[in-house]
Amino acid sequence: MPIRQLKIRGVRNLQPLDLTLHPGVNFIYGANGSGKTSILEAIVLMATGKSFRTSQLKHVQAQDADRIELVFDIEDEALGQCQLDSLRLKSGDNLLKLNGSVLTAQTEAAQWLPVQVIEPTTFKLLSGSPEERRQFIDWGVFHVEQKFIEHWKVFRKQLKQRNAVLKEKELQWLPVWNQTFAESAAVIDNYRRTYLKRFKPEFERILQQLDDSIQVQLAYYPGWDRDSELNDVLNKQQERDLALGYTQSGPHRAELRIKVDKQPAAEILSRGQQKTVVAALKIAQGALFQQESGRRTIYLVDDLASELDEKHRFALCKLLEDLKCQVFITSIDKDKLTDIWQPVASKVFHVEQGIISEDSPATA
Ligand SMILES: Nc1ncnc2c1ncn2[C@@H]1O[C@H](COP(=O)(O)OP(=O)(O)OP(=O)(O)O)[C@@H](O)[C@H]1O
């Protein structure tokens, strides 16, 4: 079971909330503005230190609260049990603890909570900046390859140092930095390529099950001309890098291009089709993660009814059920959920003005 219990304090309109969750499907329904999404937002905040709704966390904190406090009891098939605590003060300071011991990095909490969000704006994964798609690939690599995060930190440090050398115009240091940067870039590139090789067939399989009329191609670009060595590219681009004061080529500029008939999928597909493709991408990541680690992803599906018709909603729910993972799924209308999906194992919660209550089995 992934999240067994959660305690939420000081998040948006939510009243102090202590919930015992279902290891399978947790339906959450309630009127507009009742607080459904805020529950999902709190889970993402614990997992990533970020919100999927705002870049300014001060908006997530309840107006009358001086802190956000989250406590999650987790039971993971492979990692065992743990308690994660997060205390986020108005100043922005965040104290994270694992079983009472202070954590120094958010990634240590993230390892316990492999969370995927499917919500009304997720189609932006197709139309948004390349960074979003890089983060998407890196989520997969991070959760499958334990050593990736260390290599990633080294790479980020080297990128920062090379950029500092460019800004200071310390030309004598550049050849050395080009070499080290290129070596560390190759490691990141290799992780991403290897991951995508395994990911593509899984994505095609899932998309086929969600909608076999959509044909999408995934093309990975490493962030520099694929036919050249990065070290050579850096040497060639040196004058321009010096003029700009930053490194133009490398894994920080990689891109996952998602196309339909050689055109960007975001320009061709309808909004509903884009949502279907994004759902397929996210479910494929969870399926691959499960195959490779024996662990399960936690899916947060906000406002399922939005822009997906009944056939696609049904196909999505069926795939989530097959994965046997923990799912949190929200809707305004209880019937819109339970009419199309009656998983054997589930709990139903109702939210009203920030107060959440569990439906008794007779009404659920
Ligand atoms: N910082 C805050 N402090 C207190 N209340 C807030 C804060 N930010 C937002 N709210 C209120 O909290 C509620 C948040 O609702 P949330 O978005 O979780 O609702 P929802 O049930 O998902 O609604 P919808 O179905 O419309 O998406 C809204 O009523 C909003 O006005």
Under a Cβ-only charge scheme (Lys and Arg +1, Asp and Glu -1), can you give me the dipole magnitude of the chain about the Cα centre, in debye to the nearest 20?
700 debye
Take the alpha carbon gyration tensor of region 1-148, find the square roots of its eigenvalues, order them as a ≥ b ≥ c, and report rounded if a/c is under 1.5; if not, report prolate when a/b exceeds b/c, else oblate.
rounded
Please list, by residue number, everything in region 217-232 whose backbone N is under 18 Å from a paramagnetic label point 7 Å out along Cα→Cβ of residue 154.
230-231
Region 154-169 scanned against label point 7 Å out from residue 190 along Cα→C-beta; backbone N under 17 Å for 154-156
What helix-only [θ] at 222 nm does the chain give? Using -39500 (n - 2.57) per DSSP H run of at least 4, over all residues, to the nearest 500, the answer is -13500 deg cm²/dmol
Scattering curve values for the chain, log₁₀ I(q)/I(0), Debye with Cα scatterers, q = 0.08 Å⁻¹:
-0.44
Normalising by the residue count of the chain, find the relative contact order in percent from Cα pairs under 8 Å and 6+ residues apart.
26 percent
In debye to the nearest 20, the charge dipole size for region 234-310, taken about the Cα centre with +1 at each Lys and Arg Cβ and -1 at each Asp and Glu Cβ, equals 360 debye
Checking understanding here: applying a Kyte-Doolittle mean of at least -1.0 and a length along the axis of at least 27 Å (C-alpha), which whole DSSP H helices in the chain pass?
148-168, 174-210, 271-293
Listed highest first by mean packing, meaning other Cβ atoms within 10 Å per residue, what order do 109-116, 310-317 come in?
109-116, 310-317
Taking the convex hull of the Cα atoms, report for region 210-299 its projected area averaged over all directions, in nm².
9.0 nm²
Along the charge dipole of region 116-211, Cβ charges K/R +1 and D/E -1, which of 152, 126, 199 sits furthest on the positive end?
152
P(r) tail fraction, region 126-293 - alpha-carbon pairs more than 26 Å apart, %:
36 percent
Expressed in nm², what is the orientationally averaged projection area of the convex hull enclosing the Cα positions of region 87-168?
8.5 nm²
Could you tell me the distance between the Cα centroids of region 265-338 and region 83-118, to the nearest Å?
25 Å
For region 126-293, give the magnitude of the charge dipole about the Cα centre (Cβ charges: +1 Lys/Arg, -1 Asp/Glu; no others), in debye to the nearest 20.
280 debye
Out of 221, 2, 305 - ranked by how far each Cα lies towards the positive end of the dipole of the chain, with unit charges on the beta-carbon of charged residues - the top one is 221
Using square roots of five times the C-alpha gyration tensor eigenvalues, list the equivalent-ellipsoid semi-axes of region 216-364 in whole Å, biggest first.
43, 17, 16
Those GluC sites (Glu not before Pro) from region 1-81 that are DSSP loop and have at most 16 other Cβ neighbours within 10 Å turn out to be 77
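The numbers here are math on the coordinates, done by the rules we state, and not lab data. Model, not experiment: these values are computed from the prediction. Every residue, glycine as well, gets a Cβ built from its backbone with ideal geometry; the counts of neighbours run over all protein chains shown.
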